[in-house]
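Here the structure is laid out as structure tokens; the discussion comes afterwards.
The values are calculated or read from the model by the stated rules, or taken from the named source; none is laboratory data. Just so you know, these numbers come straight off a predicted model, no measurement behind them. In this analysis, Cβ positions are derived from the backbone assuming ideal geometry, glycine residues included, and neighbour counts consider all displayed protein chains. In case anyone asks, the SASA skips ligands and DNA or RNA and just uses the protein heavy atoms, side chains included. Shrake-Rupley method; radii C 1.70, N 1.55, O 1.52, S 1.80 Å.
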Amino acid sequence: MEAVTRVQNLAESKLPHVPAQYIQPLHDRPTTQNSSLNIPVIDLSTPGDFLRGALCGACREWGAFHVTNHSVPLEVLRRMRRHGRSFFEETPMPDKLKYSCDLTSAASEGYGSKMLVSKNDTVLDWRDYFDHHTLPLSRRNPRNWPESPSDYRRTVEEYSDQMNALAERVLGLISESLGLKRDYFKDLVGEFYQNITVSYYPACPQPELTLGLQSHSDFGVITLLIQDDVGGLQVLKDGEWVTVEPLDDAIVVLLSDQTQVITNGEYISAIHRAITNPNKARLSVATFHDPAKTVKISPASELVSESSPRRYRDVVYGDYVSSWYTKGPEGKRNLDALLLNS
Ligand SMILES: O=C(O)CCC(=O)C(=O)O
Ligand SMILES: [Fe+2]
């Protein structure tokens with residue numbers, strides 16, 4: 001089997017320079033943010049019409065926003081972050097390697113370091129991760145997850161259920177903000193396929209040359225993300241990379257590509273990436289909510305009219321994912337391939 005280099009091992013070996021495979025081409029390297037822009041903060045306890053109005057603006061302009069007063073117990077968020085960090089920082093490497101993911105299959109569960117993109121010339125991300133398959137319950141096998149600390153597995157299960165409920169709630173509000181019935185997404189997408197990825201970005205000796213995670217938009221419906229106080233997530237807004245400041249106890253919502261298709265482009269998926277930090281390791285936990293591979297995704301007919309013609313053709317979700325893995329995630333190339341009249 002091909003040996004995988006763990007970024008954490010590289011970082012711990014205290015190299016003064018990052019290996020060549022991690023050096024981004026000039027145009028992808030991080031730059032300093034020029035403006036004081038921030039993604040919107042949406043208080044979910046805001047009364048109905050105001051809340052839907054705020055969501056509408058955030059989803060049209062950004063595809064990314066924080067939610068506060070989200071009803072997820074803060075203790076669960078903190079425990080998930082703490083246990084995620086403990087896998088990377090407190091588990092001896094030989095034990096971590098027992099959970100290595102299968103390099104030959106896309107998005108396999110477990111401990112990984114390289115997102116599976118078939119192009120061999122891809123620059124590597126300065127990141128290790130642990131991917132958990134959590135929903136539907138038929139995919140959930142806690143024995144594939146770390147066994148320590150003793151409540152690690154229970155925490156992931158609890159976190160999974162909380163995120164699933166929040167994803168459904170936010171999508172219900174998003175539907176209503178477009179004048180669609182509350183269950184529009186639920187009826188179209190059905191039961192979510194949910195994955196939880198804990199990303200660990202070790203401190204990097206050359207943050208100006210590297211990325212923790214290359215630019216992409218997520219391919220599913222909606223991603224919910226929490227991070228620690230280091231910061232490093234950036235969202236692309238009108239050509240500028242905007243850093244998502246860590247906001248205590250808030251949850252970041254990132255709209256994903258299928259939501260852009262379903263809303264006929266009224267709402268956008270967020271192009272995002274992660275930068276690295278010279279002094280500190282950073283942790284994030286991203287929870288992806290996707291359709292089953294067989295589900296056909298199409299723009300809501302309620303949002304198509306003479307003045308707002310249909311923009312995207314139908315796509316079977318599994319075909320979309322295959323194209324993402326073959327062509328690579330960069331920019332909106334996979335969504336653009338679905339555009340009608342292009
Ligand atoms: O670490 C982050 O903030 C971003 C993670 C992410 O975008 C992903 O896993 O898809
Ligand atoms: Fe992402």
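Please report Rg (one decimal) and Dmax (integer) in Å for the Cα set of segment 179-304.
So, for segment 179-304, Rg and Dmax equal 16.2, 51 Å respectively.
Would you kindly derive the ³J(HN,Hα) couplings of segment 321-331 from the backbone phi angles with the Karplus curve 6.51 cos²θ - 1.76 cosθ + 1.60 (θ = phi - 60°), listing them in order in whole Hz, with x for Gly and Pro?
The phi angles translate into 5, 4, 5, 4, 6, 7, 7, x, x, 4, x Hz.
Please report, as a whole percent, how much of the solvent-accessible surface of the chain comes from carbon and sulfur atoms (probe radius 1.4 Å).
Its accessible area is 51 percent carbon and sulfur atoms.
Could you tell me which of 104, 316, 250 has its Cα farthest along the dipole of segment 22-336 towards the positive end, charges placed at Cβ (Lys, Arg +1; Asp, Glu -1), taken about the Cα centre?
Positive-end residue among those listed: 104.
Connecting C-alpha atoms closer than 10 Å in a GNM of the chain, tell me which of 249, 228, 95 has the biggest fluctuation.
95
For residue 165 and residue 75, calculate 0.36 nm times their separation in residues minus their Cα-Cα distance, and state this gained length in nm to one decimal.
30.7 nm
HN-Hα J couplings of segment 8-15 from phi, Karplus 6.51/-1.76/1.60, θ = phi - 60°, integer Hz, Gly and Pro as x?
4, 5, 4, 5, 6, 7, 6, 5
Amide H neighbours of residue 220 under 5 Å, at least 5 residues apart or on other chains, H built in the peptide plane: list them.
257, 258
With θ set to phi - 60° and the Karplus curve 6.51 cos²θ - 1.76 cosθ + 1.60, what are the ³J(HN,Hα) couplings of segment 18-35 in order, to the nearest whole Hz, using x for Gly and Pro?
Coupling constants for segment 18-35: 7, x, 3, 5, 9, 8, 6, x, 3, 6, 9, 6, x, 10, 6, 6, 7, 9 Hz.
What number, rounded to the nearest 500 deg cm²/dmol, is the helix-based mean residue ellipticity at 222 nm of the chain, given -39500 (n - 2.57) per DSSP H run of at least four residues and division by all its residues? Show your work: numbers first, answer last.
Details: 9 runs with 95 residues, N = 342.
Theoretical 222 nm ellipticity from helices: -8500 deg cm²/dmol.
Taking the Cα centre of the chain as origin, sum charge times position over the Cβ atoms of Lys and Arg (+1) and Asp and Glu (-1), and report the length of that vector in debye to the nearest 20.
Details: 36 positive and 44 negative charges, 95 e Å.
Computed charge dipole of the chain: roughly 460 debye.
Would you mind working out the magnitude of the charge dipole of segment 212-342 relative to its Cα centre, with +1 at each Lys and Arg C-beta and -1 at each Asp and Glu C-beta, to the nearest 20 Debye?
Dipole of segment 212-342, to the nearest 20 debye: 500 debye.
What base-10 log of the normalised intensity I(q)/I(0) is obtained for the chain from the Debye formula, alpha carbons as equal point scatterers, at q = 0.09, 0.11, 0.13, 0.15 Å⁻¹?
For the chain at q = 0.09, 0.11, 0.13, 0.15 Å⁻¹, log10 I(q)/I(0) is -0.46, -0.70, -1.01, -1.39.
Can you give the accessible area per residue of segment 22-336, in Å², using a 1.4 Å probe?
41
If amide H atoms are built 1.01 Å from N in the plane of the peptide, which residues on other chains or at least 5 residues away come under 5 Å of the amide H of residue 193?
Under 5 Å from the amide H of residue 193 lie the amide H atoms of 290, 292, each far enough along the sequence or on another chain.
Could you tell me which of the pairs 237/327; 96/296; 114/186; 98/327; 114/293 are separated by over 29 angstrom between their Cα atoms in the structure shown?
As for pairs spanning more than 29 Å Cα to Cα, those are 96/296; 114/186; 98/327.
Round to the nearest 10 and give me the degree value, 0 to 90, for the angle of helix 48-61's Cα axis relative to the longest principal axis of the chain.
60
Scan around residue 297 for amide H atoms under 5 Å from its own, H built in the peptide plane at 1.01 Å from N, and keep only partners 5 or more places away or cross-chain.
Here 315, 316, 317 satisfy the definition.
If I model segment 98-163 as equal point scatterers sitting on the Cα atoms and use the Debye formula, what is log10 I(q)/I(0) at q = 0.14, 0.28 Å⁻¹?
-0.48, -1.28
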